[in-house]
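Below is one structure, written out as structure tokens, with a few remarks after it.
The values are calculated or read from the model by the stated rules, or taken from the named source; none is laboratory data. Because the structure is a prediction, the values reported are computed rather than measured. Protein only, heavy atoms only, side chains kept; ligands, DNA and RNA dropped before computing areas. Shrake-Rupley method; radii C 1.70, N 1.55, O 1.52, S 1.80 Å.
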Amino acid sequence: MSEDGEKDQEKEQQQPSRPNTAAARRERRASARPDAGKSGEADTGKRPAPKGKSSGRKPDKAGKPAAKTEGKDRPTPKREDTGKKQASLFSRIVRFLREVWAELKKVIWPTRKQMITYTAVVLVFVSFMIALVFALDLAFGEVVALVFGE
């Protein structure tokens, strides 16, 4: 907060609250960009092509760029065989273990108290389910015995 609290309050009043529609968010992002609004085109959510380069689309009769066909005009390119030799088994295992260790460092491990709580919850739940299945088994057994007269 600045020394003059009135200036901060004026800034807060000028900026609207967080936009609650996608269109309002796009408009706000477009107005935040320094080059926004210069071309007069509607914001499509895509980055404009760099200056001096075309978007690769041929204009239609009206002079507007044609709709992009998302690569349907040509087949998917094949991966190039770089000719690299695969690493040895030992180096692949070592790399795998390093990656596993790096991922385990990212894990937020529970505390001892949390582990005791979670274990107790699981044991209570499993005990309840065992009792429920046992009770249903007895009930269905009695019903079957009554129906088929054992």
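Please go through the range 100-123 and give me each residue that is part of a helix (DSSP H, G or I) and open to solvent by 100 Å² or more (accessible area, probe 1.4 Å), ordered by number.
Once the filter is applied, which keeps residues that are part of a helix (DSSP H, G or I) and open to solvent by 100 Å² or more (accessible area, probe 1.4 Å), the range 100-123 yields W101, E103, K105, K106, R112, K113, I116, Y118, L123.
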Could you run through the range 138-150 and say how many residues are open to solvent by less than 100 Å² (accessible area, probe 1.4 Å) and in a helix (DSSP H, G or I)? 6
Has the range 82-95 got at least one residue that is assigned to a loop (DSSP other than H, G, I, E, B), at pLDDT 80 or above and open to solvent by 90 Å² or more (accessible area, probe 1.4 Å)? yes
